[in-house]
1. Identify, by number, the condition in (1) surrounded by fewer than 18 Cβ atoms within 10 Å (Cβ to Cβ); (2) in contact with a helix residue (DSSP H, G or I) (Cβ under 7 Å, 6 or more places away or on another chain); (3) part of a helix (DSSP H, G or I) that A:Pro126 doesn't meet.
2. Is it the case, given these coordinates, that A:Arg59 is more than 30 Å from B:Ser76 (Cβ to Cβ), within 11 Å of chain B (Cβ to nearest Cβ) and within 21 Å of the chain's Cα centre (by Cα)?
3. Restricting the search to the range A:13-24, which residues are over 30 Å from B:Gly39 (Cβ atoms) and facing chain B (nearest Cβ under 8 Å)?
4. Return the total of residues in the range A:25-37 being more than 10 Å from every other protein chain (Cβ to nearest Cβ) and aromatic (Phe, Trp, Tyr).
5. Taking A:Met1 and the conditions (1) at pLDDT 95 or above; (2) facing another protein chain (nearest Cβ under 9 Å), which numbered condition does it fall short on, given that it satisfies the others?
6. Are any residues in the range B:34-71 of a type in the set (Phe, Trp, Tyr), over 18 Å from A:Gly65 (Cα atoms) and facing chain A (nearest Cβ under 8 Å), and if so, which ones?
7. Which count do you get for residues in the range A:38-56 that are under 27 Å from B:Met74 (Cα atoms) and either touching a strand residue (DSSP E or B) at 6+ places or on another chain (Cβ under 8 Å) or facing chain B (nearest Cβ under 7 Å) (or both)?
8. What number of residues in the range A:13-55 are assigned to a loop (DSSP other than H, G, I, E, B) and either of a type in the set (Ser, Thr, Tyr) or surrounded by 17 or more Cβ atoms within 10 Å (Cβ to Cβ) (or both)?
Amino acid sequence: MAHQAHAYHMVDPSPWPLTGAIAALLMTSGLAVWFHFHSTTLMILGTILLLLTMFQWWRDVVREGTFQGHHTPPVQKGLRYGMILFITSEVFFFLGFFWAFYHSSLAPTPELGGCWPPTGITTLDPFEVPLLNTAVLLASGVTVTWAHHSIMEGERKQAIQSLALTIALGFYFTFLQAMEYYEAPFTIADGVYGSTFFVATGFHGLHVIIGSMFLAVCLLRQIHFHFTSEHHFGFEAAAWYWHFVDVVWLFLYISIYWWGS
Amino acid sequence: KQHLFNKLPVLASRAFSSSARQLKNKVPEAQKLFQEDNGLPVHIKGGTGDMMLYRATMTLTIAGTCYSLYWLLMASMPQKKA
């Protein structure tokens, strides 16, 4: 029933780019409405629309790849480039926050006491929970690699177990970090130390949550037999993203938690 | 296909081990459904559930757009001084 004489993917017309764009409009204008008129309805509407768009868009990608066979080798190559470029853009995003941290910490102003950490800031001990968090993420890097090898070797049960363990470690990190946030002796409002600490680690935590959800979707797909030992790019993309999240943490740990303490 | 359906009751009553419940590989069925030559675009090709979800999403899209335009009108009017 081949209708095309090429290996590329001409996608069906789809409403999700429009609904996604409108979601962005509603979320941003909703933010302004919340600030000026104290109503959160528009912003919440935008968020719901965003979630609906993401669910249906990515559901369709799974259908196109796994069920319709559109993800030929050239198409998969494009998807790989896409994921690599996206992760690269995220690297630049974090680079900005590291720039801000080093700008403030390498030449601390007189207002801070001319020192780093600034006067009055009790830093977190880098050898307590932050070190545990480092171990947790490093271990999750091992388990996700174990999952990959299991998939490639056709070991279904092991793939499911190691992937589930990776996600559990991700949740454990998030839980530990939430506890740290609650117990921290300083807040985001505590000068430039508080700002750089919570914005950098906060965005990182958000990426851990996103990465965990991506891995969870992969777990569901693995359980439902979507991945073959040769073709499982969705999982590889999730694993790349997870390693990126791990590397960002290592930089955060060394710069902010350790050197900055 | 008759023999496959005759086998199903037998499978359903088999006693499974204590490990995770055995899921059947339903990918071939999904492949058949989504490769049917019915001209439907992928976002509604899965059935009535797809159409309902699409309609709900589009309704929110249009209603949300109108709602944001309403707020734009409100924000452009002079603020009443209480």
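1. The single condition A:Pro126 does not satisfy is (3).
2. Values: more than 30 Å from B:Ser76 (Cβ to Cβ): yes; within 11 Å of chain B (Cβ to nearest Cβ): yes; within 21 Å of the chain's Cα centre (by Cα): yes.
Yes, satisfied.
3. Passing the criteria: none in range.
4. Residues flagged as more than 10 Å from every other protein chain (Cβ to nearest Cβ) and aromatic (Phe, Trp, Tyr) within the range A:25-37 amount to 2.
5. In the conditions (1) at pLDDT 95 or above; (2) facing another protein chain (nearest Cβ under 9 Å), A:Met1 misses (1) alone.
6. Within the range B:34-71, the first condition is being of a type in the set (Phe, Trp, Tyr), and the residues that meet it are B:34, B:54, B:67, B:70-71.
Still in the running and over 18 Å from A:Gly65 (Cα atoms): B:54, B:67, B:70-71.
If the condition is that a residue be of a type in the set (Phe, Trp, Tyr), over 18 Å from A:Gly65 (Cα atoms) and facing chain A (nearest Cβ under 8 Å), then B:Tyr54, B:Tyr67, B:Trp71 are the ones that fit.
7. Keep residues of the range A:38-56 that are under 27 Å from B:Met74 (Cα atoms), which gives A:38-50.
Remaining after also requiring either touching a strand residue (DSSP E or B) at 6+ places or on another chain (Cβ under 8 Å) or facing chain B (nearest Cβ under 7 Å) (or both): A:42, A:45-46, A:48-49.
So the count comes out to 5.
8. Going residue by residue through the range A:13-55, those that are assigned to a loop (DSSP other than H, G, I, E, B) are A:13-15, A:38-40.
Filter once more, keeping what is either of a type in the set (Ser, Thr, Tyr) or surrounded by 17 or more Cβ atoms within 10 Å (Cβ to Cβ) (or both): A:14-15, A:39-40.
Qualifying residue count, the range A:13-55: 4.
The values are calculated or read from the model by the stated rules, or taken from the named source; none is laboratory data. Predicted, not measured: the structure shown is a model, and the values here were computed from it. Please note: Cβ atoms are built from the backbone with ideal geometry, for glycine as well, and neighbour counts cover all protein chains shown.
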